Amino acid sequence: MQKIDTGERNKQIQEISSRKVAEHNDLISSVAKMDKTPLKMFELAVSCIDTDAPPKDNIVFLSKKELFTFFDVSDNDKHRRFKEAVEKMQEQAFFRIKEKKNRGFKFKRIVPIPYVEWNDYNDKVLIRFDQAIMPYLIDLKNNFTQYAISDIMELNSKYSIILYKWFSMSYNQFEHYQYKPNRTKKQLEDYKSPRIIISDLRELTDTVDDYSRFDNFEKRVIKDAIKEINSFTHFNVEYKKIKKGRSIDSIQFHIVKKANWKDENYKRNDVQAQLTEEQNQAQNQVNYAVAVANPFTMKLINSSLLYATDIANQETILELAESVYPVYDKLVKELGEDALETHMDYVRRKMVDYSNDKKNIVKYLSISAKQYLNSRLSKQQMKE
């Protein structure tokens, strides 16, 4: 079997580098019960999914050349190794997902790719995802993470891949919220410097029963993984051990994004990711002007729920537009304009008088409106 020539390999690498992976955070936080090769194969297959046009019958197609390039395999034994990797993925690999629900946690065990088809006379490989895994790959309106498949390409440890995805999940939240008004400075710092207790880190990396000595665990799961991540991805990560008594209780990581890292082509269609700080500030000015002109703003002023100091505070107005006005929209649609005005009057009369330095008008108005919608208080009840 001939090797893939350099020009063709570079073309394959360029094509792979233009793709992104998007996964729900519950999947990223799940336990991947598989080794490096099935995990990387899964990630490569996910990068073929267009979330705006989900694949028919949950099927995507890869090429063998693409797979061999991704895994940097060019020897004569590559087809046998590919077959063994597929068999191992289907026989042993699954995700153990833990979802938080109102009454506790819900657990799922999902084999992500139950069917793979290929032949010996063309380059095409058919991969069909299990239906149970698809919501974590295409239903991504909230709580999802996007990252470059090319970053994972060079990682040669299962722990490196798992931690890289976990770092991406945390840092992406920092990038998403850093110019928005609804996160505190401490919350933003926590996204850049996430902390995880050792037992949770062992569960995440599927090492609960491995490396019982902490020094072995630290070297194999943390140090070696971070060395790879720092070498081959767009992150530089440091960490410190935090003690509780005489034992190591948790690890705090500090994530920094490399300046002038490889062109992040995978974000080429992500408008928010491309905005500079100046552009974000300019966009906030536009959003602020729109929010001030919103009829709900004038209604709040007329109801003596907003004052000049509130209007002058860009953060307050942007938070109102994001957290309160959508609730008012729903309230008006369901109960009418009169109900909103009556509700505002009721809120003003019942509002606890507390000092401005402790006042959170956005939170107060949001909770009040949601409670009203949930309870469906009548106008008469509020006038009593």
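Just so it is clear, none of the values below were taken in a lab; they were calculated from the coordinates. All of these numbers come straight from a predicted model, not from anything done at the bench. Don't worry about glycine lacking a Cβ; one is built from the backbone with ideal geometry, like all the others, and counts go over all protein chains shown.
Can you sort V221, V347 so the residue with the fewest Cβ neighbours within 10 Å comes first?
Numbers: V221 25, V347 18.
Least to most surrounded, the residues fall as V347, V221.
I'd like the FRET efficiency for Y364 and N142, computed as 1/(1 + (r/R0)^6) with the beta carbon distance as r and R0 of 25 Å, rounded to 0.05. Before the final figure, lay out each step's value.
On the way: r = 24 Å, r/R0 = 0.97.
After rounding, the FRET efficiency stands at 0.55.
Express in whole angstrom the spacing between the alpha-carbon centres of segment 200-252 and segment 141-173.
Segment 200-252 and segment 141-173 have Cα centres spaced 16 Å from each other.
If the limit is 18 Å between Cα atoms, which of K101/K363; K192/K240; K40/K65; K185/K244; K40/K98; K11/K78 go over it? If you can, show how the numbers build up before the last one.
Details: K101/K363 24 Å; K192/K240 14 Å; K40/K65 15 Å; K185/K244 26 Å; K40/K98 21 Å; K11/K78 20 Å.
Table pairs above 18 Å Cα-Cα are K101/K363; K185/K244; K40/K98; K11/K78.
Among [x] 1.21; [y] 1.04; [z] 2.32, which is the computed Cα Rg over 2.2 N^0.38 Å?
[x]
Provide the packing ranking of 54-60, 243-249, i.e. peptides ordered by the mean count of other C-beta atoms within 10 Å per residue, highest first.
Going by the mean number of other Cβ atoms within 10 Å, highest first, we get 54-60, 243-249.
Considering just Cα atoms, how many Å³ per residue does the convex hull of segment 143-209 enclose?
97 Å³
Have a look at I113, Y288, F253 and report the one farthest towards the positive end of the charge dipole of the chain, computed about the Cα centre with Cβ charges (Lys/Arg +1, Asp/Glu -1).
The residue sitting farthest along the positive end of the dipole is F253.
Could you please rank R128, R348, placing first whichever residue has the fewest other Cβ atoms within 10 Å of its Cβ?
The fewest-first ordering by Cβ neighbours comes to R348, R128.
For M41, M344, what's the fewest-to-most ordering of other Cβ within 10 Å of each Cβ?
M344, M41
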